[in-house]
Amino acid sequence: MEKTILNDVYIADTFKKRFLGYMFQKKPKYDAILIKPCNSIHTFFMKFPIDVIFLNEEMKIVKKIENLQPSKIVFPVKSSVMVMEFKTGSFKNMGNVGDEVLGTVIKYK
């Protein structure tokens, strides 16, 4: 079963875009931010919590964090090469560890 869940994904693939992410914003502008390359994140200077998935090279979810609050650090996640950050509450329709993310589609097992 496949389910489209995202329409507006911001690709953060330069140093500046990766560094800024959602920092200093009052609320999320996008359905998600895809940060690559990336295997750890922080939420310093953020004004809202986020949901986060860490992805490996095969675009499979290796770790999920729900409701990550501002001013936190997530240390490097083994085998993660990119991260997707979402508005809190996005995981109602999100896959699980081991599921594959394809663009704006999550393919469920």
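May I ask which of LYS29/LYS63; LYS26/LYS60; LYS26/LYS72; LYS63/LYS87; LYS17/LYS60; LYS64/LYS87 have a Cα-Cα span longer than 21 Å here?
Beyond 21 Å: LYS29/LYS63; LYS26/LYS60; LYS17/LYS60.
Separation between the PHE15 and ILE73 pseudo-spin-labels, each 7 Å from Cα along Cα→Cβ, expressed in nm?
With each label placed 7 Å out from Cα toward Cβ, I get 2.1 nm.
Where a number appears in this text, it was derived from the coordinates with a stated rule and is not lab data. All figures in this text were calculated on a predicted structure; none of them were measured in a lab. Neighbour counts are summed over all protein chains in view; Cβ atoms, including those assigned to glycine, are modelled from backbone coordinates with ideal geometry.
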